[in-house]
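Chemist: One structure, as structure tokens, below. Some questions next.
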Amino acid sequence: MFATEFEYQRATSVSEAIQLLSNNPGAKILAGGHSLLPMMKLRLTSIPMLIDIGGINELRGISVENNILRIGALTTHAEIAESYDVKDNAGILWETAYGIGDPQVRNRGTIGGNISHADPASDLPTVLKVMDAKFTIQGTGGLMRGGSRVVSADDFFIGPFETDLGENEILTAIEMPVLMANQHAEYAKMAHPATSFAVVGAGVVLTVEDDVCTAARVAVGGFTPVPTRGLTVEQALIGKVLNEENIASATILIHGDLGSDVFGDVFASAEYRQAMAAIELKHAIFHATGLAHHN
Amino acid sequence: MTTRIFGSGIRRREDPRLITGGATYTDDVQLPGMLYAAMLRSPHAHAKINSIDITSAVGARGVVAVYTGADIEGVLNGIPCAWVPPGADLVAVTHPAIAKDVVRYQGDAVAVVVAEDRYQAEDALELINVDYEILPSVTNPEAAMKPGAPQLHEDAPNNQAFHWVSEGGDTEAAFSAADVIVKDTIIQQRLIPNAMEPRSAVATWTKATGELTLWSTSQNPHICRFLASLVTGLGEHKIRVIATEVGGGFGSKIPVYADEMITSFCSMQLGRPVKWTATRSEGFQSTIHGRDHVEYVEMAATQEGKITGVRSKIYAGMGAYLSTAGPGVPTILHGLIYCGPYDIGATKADVYGVFSNATPTDAYRGAGRPEATFLIERLVDLLAVELGTDPAELRRKNLIPKFEEGHDVISGLTYDSGDYEPLMDMVLGHADYSALRQEQAQMRENGHYMGIGVTCYNEICGLGPSQVAGAVGFGGGLWESAIVRFHPTGKVHVYSGISPHGQGEETTFAQIVSDELGVDVDDVTITHGDTSNTPMGWGTYGSRTTSVGAGAMVIAARKIKEKARLLAAHLLEAAESDVEYRDGQFSVKGSPDQSKSIQEMATMANVAWNLPEGMEPGLEASAFYDPPNFVYPFGTHLAVVDVDKDNGHIVVRRYIAGDDCGPQINPMIVEGQVHGGVVQGIGQALWEHAIYDDNGQLVTGSMTDYALPRAHLLPNIESLSTVTPSPHNPLGVKGVGETGSIASTVTVYNAVIDALRPLGVTRIDMPLTPEKVWQAIRQGHGS
Amino acid sequence: MNIQLTVNGKAQEKEVDARLLLVHFLRDDLGLTGTKIGCDTSQCGACVVSMDGKTIKSCTCLAVQANGSDITTIEGVAPDGVLDPVQEAFWDNHGLQCGYCTAGMIITTVELLKKNPNPSDDEVREGLKGNICRCTGYQNIVKSVQAAAKVNRS
């Protein structure tokens, strides 16, 4: 299986990449290639030009400043899974990155490539949503003309393989608030046995004060066009003591948050995945709150 | 012998080349001027070909030739089926290497492009325009036999490929007299073997000599040559098949496929070497599948738990055409072992082989025997529930008592040797079966579901006596041959017609020959896999390599030893009857000082300066070994699983494999075979499934959808063994290549159903995906 | 496209098509056939090589993406003919049968042990999840990895 022929350009800077994008209709950005190349090899897509941004070092790196964790778009899953900055400030992302694919996929796959691809079965969109992440996007305007914009994870994902990213824009960085001592976050997933993709994934970030949940961000993904926030679940959790009973009665409400647009396949039907959403949410909250070992 | 290497777990001699990247598999072969072939395959399950336009492809960059079904007509004969079970009215439909008028499954080849490189060949495939008229299709074998189902072949009404019935005893009487009858419907889902090395062929035609050399990913190069001769019309003496390094087979590299023949055709047409290598996606569609049975099965028993009868009605999917050994799998290799390790009074297998718009099926690890073991052992568990007895005890009650020299069972087989109960006790003891049952009861009280599956099996392998092969319609013999040759320096070279491809027989054979001849194991080389320098052989499958292949070697080695002994007597000036052999030395009885080593005899025989009257020079022998009977390994396996009732997720907590394959030449290799087989069987129970949609499209057509067993999903396997020699071959060995997959699928399945029994679950279709388990729990009965 | 890279310690410079996969570059252009192709979809790991010290699936990497990198294939694991402890361990512990997945398994193991010199069995299994073996049931591979870890630590 080989791709059809295409042109290949190496960009040495973000602005050059954007220039190439805007001059070459249909051109695509190549980061690690773990989303794009398999599709091209299977000839599911044919792309006239690939613009390789792999050499742009300004897009790499992890830093923490003013309680904001910043991750360059070209940072690999492995780098995230091995970063103490991520572990200490966003443990949920650290663990999720370690659960993506396999070691080789993590060595090549990048957070920016993953998000831009917006595969509904991917873990990161769900996690970044509950982490209230913001994505920095660079467009043709150029830095001088304010060509950079910021979009929240809530708004970025539009549909399966569809994002807010414009034709001539590049995702450059992901930022999120670091988790505070009173915040508990967890991502639980049922992984497909072949790919480790999420059959159902559930992410939670809970703020707990004096045993009472004061704030919550909850989302499920893997089987919906984009990760779905569990707004009614969040409402039901807030103000409650996080005991088994309250968690169970809140998580079950995820069914109401899910629209009718849920996916199934031969491995797991939509009906099953819908039912598992509450289960995985429960697992996530149990782990986040330390109740897991009681069960 | 004092220094026997038989029984020693020495490191494999195959490994140094494999761990350094130094081995040459078929796709690694590069020849000067080599071209690359790519197959255009039907995207449809069933369609009429109205026309094929190859104009653009022919003119594309790098393209040397494009051939369609019309081009091979009259040049390549059809791909033959070589196993025709007798009395089954088998319809031998024509299987053209390239479809010309009709395609019958997704993946059927319709054209081949030959180009200067792989990429250009694949590019040109997209330029071929085929006008298809889509026809209705059917993939499920039971549905294919229903009235009104789409018909695949004119000669096969109702898509019936054959109807094979085998009855031992009077099943009707056994079932009428039964106190208890238990029944089940079993779906043996389609599986895709997925050897890690995709199929590949490199063909090179030498016009001047009229000789074809074909590197092929084959488990049986001599059969490949035989059938290639039938397809191409070339004499066997003009075909050389090379399969010296093959990356796994599991049955999928037994058949002779269209692709290898097409590749040969291309080379013969173009006079240049041609390589074709399947991509994995291509392999999913065009390499044989396994299993695919819809089974209605039942078991009769007395109130006391004595099993009195087993019978089945089976629709066995053959796919669109009959693969090389396809029809033998659900018949001869399946229906004759319904007694399993038990004394059962009556058995009947009633098997329909059915054409459907799916990839042809053939032998996949275990081939017919996993299906048989599954149905017997499933029914025994159902019987235990029905009778309210412990499933292990019920099995014990029915086991055939120890026998050493043959035991006839009603299905017509004579088991070689068996001592089933001690191994069962060993496994139950090792597992602490009664403690597990107590734990299970306690866990259930807390709402947790763990289950225990216990399986007793025996199987038929070491195929087999050739007379029987002929009687059961196998289109070849099942003997093996070997040439054992001493070089003048006392080193030994063995040429075998058998063709291991990962099983490690270069090592085990060398161990055997080393022992027989009293030479160091490193002084023995084993050559196999190339028809030009090995004697005829029937190949590696059916766990026959060691029991049959080594049989030939041992006989040849013993012939050599006798010749060397006579030569030694001559040189020692002793009476022949006074010279005896021990540990590589020939000595005169009573005077151990007067001795000659076998290596000295090798030198003396090869220089031939002083031979006894009438003795030919040289020290080598060939032998042909046709075993007097099959061999019957047996065992008890036990699995412990935990099932999460909330999401249906299964964890195999423990797996214990107790197997008796007779004396173990290399226990390390035996254990490795068990591990691999068990895991493949677990794959069937839990993950693997070739699914076709309603239009005959293979939905699980890549490794992203077809879940293969992976390291992080599996437990360690605890291996135990006993040793019961077979009286049927010189070494007493049985086979072990398939025992794991024969036993483990039903063992894990039974454990899962056992776990869920309190929830009212009696059956779940495989694979036991979380959803299917969850649905079954929700419904509280068989789903 | 012109690419320059180091493969098994040797500098290479070639003209390649943009779409040429790294695995084909290694196998067909450089004749390093020890790296295998087992699937189309980056699932099986037969094609794993090390790029700049990190394992990658060379079927999901363009040759042009490897420009400027330092690649080690199975042929380069024991350059001076002395087997690496990982290779020895696979040999000693019957960590392979047909050998087709072995190059990928060994390269993966080298990185796994570099990152985690003292792994648990579960960590080993997790670390091998990108490499499919159809023969061994993985058990003797895990045993091999553990044996190599022990040698490396001593």
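Chemist: Would you tally the net charge around A:ALA270, using a Cβ to Cβ cut-off of less than 13 Å, leaving A:ALA270 out, and scoring K and R as +1, D and E as -1?
Modeler: Net local charge, A:ALA270 excluded: -3.
Chemist: With a 1.4 Å probe and every protein chain kept in, tell me what percent of the accessible surface of the range B:5-135 is carbon plus sulfur.
Modeler: 51 percent
Chemist: Taking the alpha-carbon distance from B:LYS397 and a cut-off under 23 Å, which lysines remain once sequence neighbours fewer than 8 residues away in the same chain are dropped?
Modeler: B:LYS183, B:LYS306, B:LYS348
Chemist: Under the 0.36 nm per residue contour assumption, what length would be gained going from the current alpha-carbon distance of B:VAL165 and B:GLU562 to full extension?
Modeler: 138.1 nm
Chemist: Now for a separate question. Run the helix sum for chain B: -39,500 (n - 2.57) per DSSP H stretch of 4+ residues, divided by residue count, reported at 222 nm to the nearest 500 deg cm²/dmol.
Modeler: Computed ellipticity for chain B at 222 nm equals -8500 deg cm²/dmol.
Chemist: Note down the relative contact order for chain A as a percent, whole number, built from C-alpha pairs under 8 angstrom at least six residues apart.
Modeler: 14 percent
Chemist: Can you tell me the length gained on complete extension of the stretch B:SER532 to B:GLU116, counting 0.36 nm per residue apart and subtracting the Cα distance?
Modeler: 146.9 nm
Chemist: Rounded to the nearest 0.05, what FRET efficiency is calculated for A:ILE158 and A:PHE263 with R0 set to 22 Å and r the Cβ-Cβ distance?
Modeler: It comes out at approximately 0.90.
Chemist: Same structure again: State whether chain A is rounded, prolate or oblate according to the following rule on the C-alpha gyration tensor (a ≥ b ≥ c being the square roots of its eigenvalues): a/c under 1.5 gives rounded; otherwise a/b larger than b/c gives prolate, and the remaining case gives oblate.
Modeler: Cα axes put chain A in the prolate bin.
Chemist: Hey, which lysines would be in cross-link range of B:LYS146, C-alpha to C-alpha under 18 Å, not counting anything within fewer than 8 residues on its own chain?
Modeler: Hits, sequence-local ones excluded: B:LYS313.
Chemist: Within the range C:2-75, what percent of beta bridges assigned by DSSP are antiparallel, to the nearest 5?
Modeler: Percent antiparallel among DSSP bridges in the range C:2-75 is about 85.
Chemist: Also, quick follow-up: Roughly how far apart, in whole Å, are the Cα centres of the range B:693-760 and the range B:387-445?
Modeler: Taking the Cα centre of the range B:387-445 as reference, the centre of the range B:693-760 is 18 Å away.
Chemist: Quick check on my link table: of A:LYS41/C:LYS54; A:LYS240/B:LYS645; B:LYS563/B:LYS596; C:LYS114/C:LYS150; A:LYS28/C:LYS36, which ones sit more than 18 Å apart, alpha carbon to alpha carbon?
Modeler: Table pairs above 18 Å Cα-Cα are A:LYS41/C:LYS54; A:LYS240/B:LYS645; A:LYS28/C:LYS36.
Chemist: Another question, then. Rolling a 1.4 Å sphere over the protein heavy atoms, what is the accessible area per residue of the range C:13-106, to the nearest Å²?
Modeler: Here the residues of the range C:13-106 average 25 Å² of exposed surface.
Chemist: Considering every residue in C:56-67, what mean count of other chain Cβ atoms within 10 Å of its Cβ is obtained?
Modeler: Partner-chain Cβ atoms within 10 Å, mean over residues of C:56-67: 6.
Chemist: Report the label-to-label distance for A:ASN182 and B:ILE10 in nanometres (one decimal), using points 7 Å from each Cα along the Cα→Cβ vector.
Modeler: If labels sit at A:ASN182 and B:ILE10, their model points lie 7.2 nm apart.
Chemist: So, one more: Place a point 7 Å from the Cα of A:GLU58 along the Cα-to-Cβ direction; which residues of the range A:11-48 have their backbone N under 11 Å from it?
Modeler: Within reach of a label on A:GLU58: A:12-18.
Chemist: Also, I was wondering about something else. Report, in order of residue number, the helices in chain B meeting two criteria: a C-alpha extent of 30 Å or more along the helix axis, and a mean Kyte-Doolittle hydropathy of at least -1.0; treat each whole DSSP H run as one helix.
Modeler: B:551-572
Chemist: What is the local net charge at A:GLY32, summed over the other residues whose Cβ is closer than 14 Å to its Cβ (Lys, Arg +1; Asp, Glu -1)?
Modeler: With Lys, Arg at +1 and Asp, Glu at -1, the net is +1.
Chemist: Next question. Which residues, if any, in the range A:72-108 have at least 40 Å² less accessible area in the whole protein complex than in the isolated chain, probe 1.4 Å?
Modeler: In the range A:72-108, residues shielded by partner chains: A:TYR98, A:ASP102, A:PRO103, A:GLN104, A:ASN107, A:ARG108.
Chemist: Output the relative contact order of the range A:7-52, whole-number percent, from Cα pairs under 8 angstrom with separation of 6+ residues.
Modeler: The value is 56 percent.
Chemist: Here's a follow-up. Hey, what did the range B:196-302 get for relative contact order, percent, Cα under 8 Å, at least 6 apart?
Modeler: 36 percent
Chemist: Considering only DSSP beta bridges whose two residues both sit in chain B, what percent are antiparallel, to the nearest 5?
Modeler: Close to 80 percent.
Chemist: Let me ask something else. Express the carbon and sulfur contribution to the solvent-accessible surface of the range A:1-96 as a percent, rounded to the nearest whole number, probe 1.4 angstrom.
Modeler: 46 percent
Chemist: Follow-up question, since we're still on this one. Please identify the GluC sites (Glu not before Pro) of the range B:140-174 that satisfy two criteria: DSSP loop assignment and at most 16 other Cβ atoms within 10 Å. Which are they?
Modeler: B:GLU154
Chemist: Could you state how much accessible area B:PHE624 has, in square angstrom rounded to the nearest 10, with a 1.4 Å probe and all protein chains kept in place?
Modeler: Around 130 Å² of this residue is reachable by solvent.
Chemist: Can you list the residues of the range A:149-172 with backbone N under 19 Å from a point 7 Å past the Cα of A:ALA215, pointing along Cα to Cβ?
Modeler: A:151-155
Chemist: Over both sides of the C-B contact, add up the buried accessible area with a 1.4 Å probe and give it to the nearest 100 Å².
Modeler: Using a 1.4 Å probe on protein heavy atoms, the buried area is about 4500 Å².
Chemist: Let me ask you something else. Shape call for the range A:183-290 from the C-alpha gyration tensor, a ≥ b ≥ c root eigenvalues: rounded (a/c under 1.5), prolate (a/b greater than b/c) or oblate?
Modeler: Because a/c hits 1.5 or more and a/b exceeds b/c, the range A:183-290 counts as prolate.
Chemist: Which GluC sites (Glu not before Pro) does the range A:199-295 hold that lie in a coil by DSSP with at most 12 other beta carbons within 10 Å?
Modeler: Passing both the DSSP loop test and the Cβ count: no residue.
Chemist: In nanometres, what is the gap between the two model label sites at B:VAL723 and A:LEU44, each 7 Å from Cα along Cα-to-Cβ?
Modeler: Those two pseudo-labels are separated by 5.4 nm.
Chemist: When a/c reaches 1.5 or more, the comparison of a/b and b/c decides; with that in mind, is chain B rounded, prolate or oblate per its Cα gyration tensor?
Modeler: oblate
Chemist: Something else now. So how far apart, in nm, are the two label points at B:HIS237 and C:GLU15 if each is 7 Å from Cα heading toward Cβ?
Modeler: 5.0 nm
The values are calculated or read from the model by the stated rules, or taken from the named source; none is laboratory data. On a predicted model such as this, the values are computed, not experimentally measured, just so you know. Cβ atoms come from the backbone with ideal geometry, glycine included; neighbour counts cover every protein chain shown. The protein model used for the area step is the full one, side chains on, heavy atoms only, and it has no ligands, DNA or RNA in it. Shrake-Rupley method; radii C 1.70, N 1.55, O 1.52, S 1.80 Å.
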